[in-house]
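A short write-up of the structure that comes next.
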Amino acid sequence: MSLYRLLSRWWTAFALAISLAMLGFAHFSERVLGLAPCNLCLKQREVYWGAVAIAVVATLWTVISQARRGTPRVAAFLLAAVFATGAITAGFHFGGEMKWWALPALCAGGGGGADLEALTSLALGVGEPQRIVMCDAVTWRFLGLSMAGWNALISAALAGFSLIAAKRPKDARAPRN
């Protein structure tokens with residue numbers, strides 16, 4: 001079986017695995033490496049959660065149908081749209097990090113926001129101050145690209161692969177009567 005046929009028949013399973021790996025790396029970098037996410041980082045994670053939801057349903061369909069029809073085209077196009085949205089979001093974030101344009105004022109704060117308990121303990125002097133993560137601050141680089149830059153490239157590649165998977169070979173299409 002050629003790589004193209006394998007990709008087109010089981011693209012949603014590949015997309016599911018890659019999306020879960022991206023989410024796993026994001027949570028690993030936050031919990032283990034101590035890299036707190038900014039608001040745009042959290043928005044980029046939402047894209048992968050959307051891809052996971054679509055890919056789970058479509059992969060189950062593929063398994064139930066025993067891959068006779070391959071990846072549902074609708075799912076491949078939906079994944080392409082979701083990953084393209086992720087590429088645009090990550091590209092916007094990367095451009096802000098590189099100071100190519102200004103990011104919105106709402107990008108100044110981190111994810112969860114301050115709760116009343118945290119503010120009270122901080123006022124009493126017994127709490128830890130919450131660190132606000134700026135979206136234009138690069139906290140990690142690999143080969144010259146930040147996480148947002150890598151995410152933009154990966155999301156764009158996933159969108160492209162989703163479009164390739166949508167153009168299935170003839171033997172994976174619905175049988176003709």
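Read the figures in this text as sums done on the coordinates, not as results from a lab. This one's a predicted model, so the numbers in the text were calculated from it and none came from an experiment. Cβ: placed from backbone, ideal geometry, glycine included. Neighbour counts: every protein chain shown.
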Legend entry - For L35, distant residues with modelled amide H under 5 Å away: E30
Inset, instruction - Could you tell me whether region 7-75 comes out rounded, prolate or oblate from its Cα gyration tensor? Rule is a ≥ b ≥ c as square roots of the eigenvalues, rounded for a/c under 1.5, then prolate if a/b exceeds b/c, otherwise oblate. - result: prolate
Inset, instruction - Give me the distance in nm between label points sitting 7 Å out from Cα along the Cα-to-Cβ direction at R5 and L42, one decimal. - result: 4.7 nm
Legend entry - In nm, spacing of pseudo-spin labels at V56 and F77 (7 Å Cα→C-beta vector): 2.5 nm
